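K.L.:
Supplied in structure tokens, the structure appears directly below.
The values are calculated or read from the model by the stated rules, or taken from the named source; none is laboratory data. Keep in mind the model is a prediction, meaning the values are calculated, not measured. Please note: Cβ atoms are built from the backbone with ideal geometry, for glycine as well, and neighbour counts cover all protein chains shown.
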């Protein structure tokens, strides 16, 4: 069971780290990438599985330091908060440009709509890339303290 925990932890690092690096590159290049979102979502799932495995190990009597447990659980919290910020970021872009809703953007000419959509996508990508970086560091620290 501990070996599975280690393997899933390595998968977490690889997926979240890959999402962070690829997402940062896409953000810098102002391009959309379905690969980033797939890596990020797979990394988030792996983090949930890893936390569940850690919980099972604790129930089975495996002793771990409190620091390892904190570093292991914080990526879940970071991911949850980042998703909330991602949702709010679209509204922030609309508010900064004086739009009441997405419907108001739909009334703009196509080139102007595209500018607003790109701004929203960039903001969402930036939020999630930062979250992936923080998650990667936390998962790495959990591995070091385990």
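K.L.:
Checking the condition surrounded by fewer than 14 Cβ atoms within 10 Å (Cβ to Cβ), under 24 Å from the mean Cα position of the chain (by Cα), free of Cβ contacts under 8 Å to residues at least 40 places away in the same chain and closer than 18 Å to residue 146 by Cα, which residue from 55, 61 passes?
P.N.:
Residue meeting the stated conditions: 55.
K.L.:
Among 12, 26, which is in contact with a helix residue (DSSP H, G or I) (Cβ under 7 Å, 6 or more places away or on another chain), under 18 Å from residue 124 (Cβ atoms) and crowded, with 18+ Cβ neighbours inside 10 Å?
P.N.:
Unique residue meeting the criteria: 26.
K.L.:
Check the stretch 103-110 and report whether any residue there is under 12 Å from the mean Cα position of the chain (by Cα) and free of Cβ contacts under 8 Å to residues at least 40 places away in the same chain.
P.N.:
Within the stretch 103-110, none of the residues are under 12 Å from the mean Cα position of the chain (by Cα) and free of Cβ contacts under 8 Å to residues at least 40 places away in the same chain.
K.L.:
Would you list the helices (runs of 4 or more DSSP H) that sit entirely within the stretch 46-146 and hold 1 or more residues that are modelled with pLDDT of 90 or more and within 30 Å of residue 31 (Cα to Cα)?
P.N.:
Per the criteria, 66-96, 110-145.
K.L.:
Any chance the stretch 125-142 includes a residue that's without any contact (Cβ under 8 Å) to a residue 40 or more places away in the chain and closer than 18 Å to residue 14 by Cβ?
P.N.:
yes
K.L.:
Is one or more of the residues making up the stretch 98-112 within 30 Å of residue 18 (Cβ to Cβ), touching a helix residue (DSSP H, G or I) at 6+ places or on another chain (Cβ under 6 Å) and buried (at least 18 other Cβ atoms within 10 Å of the Cβ)?
P.N.:
No, the stretch 98-112 contains no residue that is within 30 Å of residue 18 (Cβ to Cβ), touching a helix residue (DSSP H, G or I) at 6+ places or on another chain (Cβ under 6 Å) and buried (at least 18 other Cβ atoms within 10 Å of the Cβ).
K.L.:
On to the next question. Which of (1) free of Cβ contacts under 8 Å to residues at least 40 places away in the same chain; (2) touching a helix residue (DSSP H, G or I) at 6+ places or on another chain (Cβ under 8 Å); (3) within 27 Å of residue 132 (Cα to Cα) is the odd one out, the single condition residue 91 does not satisfy?
P.N.:
(2)
K.L.:
Quick check, is residue 80 surrounded by 19 or more Cβ atoms within 10 Å (Cβ to Cβ) and over 14 Å from residue 142 (Cβ atoms)?
P.N.:
no
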